[in-house]
Amino acid sequence: MLESSIDKATGFEKRFENIGTVVYENSATASKAVATEIANLIRVKQSQKQPCILGLATGSSPKGLYAELVRLHKEEGLSFKNVVSFNLDEYYPMEPDSVNSYVRFMKEQLFDHIDILPENCYIPDGTLPKEEIRSYCDEYEAKIEAFGGIDLQILGIGGNGHIGFNESGSLQNSKTRLVALDHITRVAASGDFKGLENTPRTAITIGVKKIMEAKRVILLAWGERKSNIIKASTEEEVSSRVPASYLQEHNNATFVLDKAASSKLTRINTPWLVEKIVWTDRLIRKAVLSLALHLKKPILMLTDADYIENGMSDLLADAGPAYDINIKIFNKLQNTITGWPGGKPGADDSKRPERAEPAKKRVIIFSPHPDDDIISMGGTFKRLHEQGHEVHVGYQTSGNIAVADDEALRFASFVCDYNERFGIESTEAEDIYKRAVTFLKNKKSSEIDTEEVRYIKGLIRKGEARATCHFVGIPDEQIHFMELPFYETGTIEKNPLGEEDIKITMDLIEKVKPHQVYAAGDLADPHGTHKVCLDAVFAAVKNLKPKKFMKDCWVWLYRGAWQEWGIDEIEMAVPMGPDQVLEKRKGIFKHQSQKDGVVFQGSDSREFWQRAEDRNSETAGLYDELGLAHYAAMEAFVRWKY
């Protein structure tokens, strides 16, 4: 049975969680623990001379698990010759060699690297004529039953709570079948298919009934984006609206989570409602702000009765009365607000987020994609420059895969028209354009862009990033296109962080010798680029820590278009007036290739400028609701202390 490196729900806490949940520090540790359980099961079955029947899932969640199983095979001799696997689902229609097929996924992630027998790998067939699907699904279930059922089923979870492709509304007795995919599911997958219009509308999936019949079920969930649906699945009532909630009624199911995915569980998010706790400053701030927002009261209006009636009487006994606690938290929150993100020269900085000196700082803003700087902290970016700081921007990746094909053709055509108009002879430009046209017109969904097309797309994004910097007032010598190698695969799937990525990052930091570094701490990026870019910054900073100039370097984390810091986490909030909000919007508009239809939209249908404005407005609204000054918008930051 899985043992957590963090904690697990026991006794009293199960009043909130109706299913076993195990929380690990990170997905890597969790994946290793699950792989160990699978390996032990396989070995037990081998000793009994029996097949081990595994139900397998696809998507990002099990990738670490499969990597660890491959390692166990290659380094520790774990054999899979007695394993029979049944995959949960497959898009329909879908050719097995397509870049997005689950057949290809399973081969690349697992099957091609272990000794499992090919005839023991069952994956739904996405090429069948539609009239044959029903009988095929019945046969698929019959094969599972012939092996005695699934010994251990691995699951991921969709943003709407789907397991397999059993979408909201699926019944508990649903069978293996062809299903229509929910719009939310299709939008979440649309990046892989380069647009919603190319994303399949249907899929074949094992039904809820077969999942519930598995002898053991482990559901994996990583990241903050999954936290709300994990809470709904484990703590709320069983409902067809959230199919994963059916697992509450399974007698041997466990949700395996990383810290971020568990963050909304009652015992993690509001532990004072679960057990007696030690009230740290961080927990007091979180509890008081949560209470004020829950009761829709300004902080200074909270009463002793409010604390007592909401499970916080021990805090009141330790640190009360309410008035004293309220004043302390109000002042802490007030002190996060500053119009001087680089520090206010000559001011008393004892209660300010940033140092007053040096008055003019060197700053690096690391931007994972060519627009994260302006989308996520455009107001702060502009203010740092206007207040006289030497601001550098490090664009960590080219962002080339986020440019639509027709944009690349438009710009290649422009070069040819430009040359013709001004009498510039360039057969090379003409040839490149012709090759690009030929390639893109015949491009298959499984094909990677040619190097020339990728370079054109990268130039488009580079030009937009430069235009943004010029709009803010940053000269060319302070604009750095880093083009980290991990990104340049031409596909959504990126390489792991490498030494060269870290070295390039270190070189820029050493060159600038910054007093401030801003980096994207938004790990909800659905394709993981932000995470790798942040890891590069963290590794570079740690490696450079012994350097003398690093003693004066503070690292601030911003969040991107996908999420925002919690109000209790914010350590610096930079306010913006209505005019500054409009200026930021103009800066975002410099990224024309990302406007009016984004390649990687995610599950949010708003454009990035709309997301940014709404998010900044919501942050300002929270400060207002809590009884502080009312601003049009706010950008929020958390300091990373290395």
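The values are calculated or read from the model by the stated rules, or taken from the named source; none is laboratory data. Just so it is clear, the structure is predicted and the values come from calculations on it, not from any experiment. Please note: Cβ atoms are built from the backbone with ideal geometry, for glycine as well, and neighbour counts cover all protein chains shown. Keep in mind that these areas ignore ligands, DNA and RNA; they rest on the heavy atoms of the full protein, side chains included. Shrake-Rupley method; radii C 1.70, N 1.55, O 1.52, S 1.80 Å.
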Problem - Condition met for Gly521 (of a type in the set (Gly, Ala, Ser), under 16 Å from Gly399 (Cβ atoms) and in contact (Cβ under 8 Å) with a residue 12 or more places away in the chain) - result: no
Completion exercise
Considering the stretch 462-483, residues that are open to solvent by 40 Å² or more (accessible area, probe 1.4 Å) and in contact (Cβ under 8 Å) with a residue 60 or more places away in the chain, and then whichever is nearest to the chain's Cα centre (by Cα), we arrive at Glu483
Exercise for the section: Search the stretch 573-600 for residues that are on the phi > 0 side of the Ramachandran plot and pair each with any residue that is surrounded by 19 or more Cβ atoms within 10 Å (Cβ to Cβ) and modelled with pLDDT of 90 or more when their beta-carbon atoms are under 8 Å apart and the residues are at least 6 apart or on different chains. Expected result: none
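One line per residue, one yes/no per condition, for (1) of a type in the set (D, E, K, R); (2) in a loop (DSSP other than H, G, I, E, B); (3) under 24 Å from the mean Cα position of the chain (by Cα):
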residue	(1), (2), (3)
Ala28	no, no, yes
Thr36	no, no, no
Ala39	no, no, no
Val44	no, no, no
Gly55	no, no, no
Glu68	yes, no, yes
Arg71	yes, no, no
Leu78	no, yes, no
Practice task
Name every residue in the stretch 386-404 that is crowded, with 18+ Cβ neighbours inside 10 Å and assigned to a helix (DSSP H, G or I), in order of residue number.
Solution key: Asn400, Ile401, Ala402
Handout entry: Residues that are touching a Pro at 6+ places or on another chain (Cβ under 7 Å) and either part of a loop (DSSP other than H, G, I, E, B) or surrounded by 21 or more Cβ atoms within 10 Å (Cβ to Cβ) (or both), drawn from the stretch 340-382
Key = Glu354, Ala356, Ala359, Val363, Ile364, Thr380
Practice task
Scan the stretch 137-159 residue by residue and report those that are at pLDDT below 95 and surrounded by 20 or more Cβ atoms within 10 Å (Cβ to Cβ).
Solution key: Gly158
Practice task
Return yes when Glu68 is among the charged types (D, E, K, R) and either within 15 Å of Ala261 (Cβ to Cβ) or in contact with a Gly (Cβ under 7 Å, 6 or more places away or on another chain) (or both) and no when it is not.
Solution key: no
Problem - Close pairs from the stretch 529-543: first under 16 Å from His369 (Cβ atoms), partner charged (D, E, K, R) and open to solvent by less than 10 Å² (accessible area, probe 1.4 Å), Cβ under 6 Å, at least 6 apart - result: His530/Asp522; Ala536/Asp501
Problem - Criterion: free of Cβ contacts under 8 Å to residues at least 40 places away in the same chain, more than 30 Å from Ile42 (Cα to Cα) and open to solvent by 10 Å² or more (accessible area, probe 1.4 Å) - qualifying residue of Arg186, Arg134 - result: Arg186
Exercise for the section: Give the residue, chosen from Val103, Val84, that is in contact with a Gly (Cβ under 9 Å, 6 or more places away or on another chain), over 30 Å from Val238 (Cβ atoms), outside any loop (DSSP other than H, G, I, E, B) and touching a residue at least 12 places away in the same chain (Cβ under 8 Å). Expected result: Val103
Practice task
Name the one entry in Leu497, Leu508, Leu459, Leu440 that is in contact with a strand residue (DSSP E or B) (Cβ under 8 Å, 6 or more places away or on another chain) and in contact (Cβ under 8 Å) with a residue 24 or more places away in the chain.
Solution key: Leu508
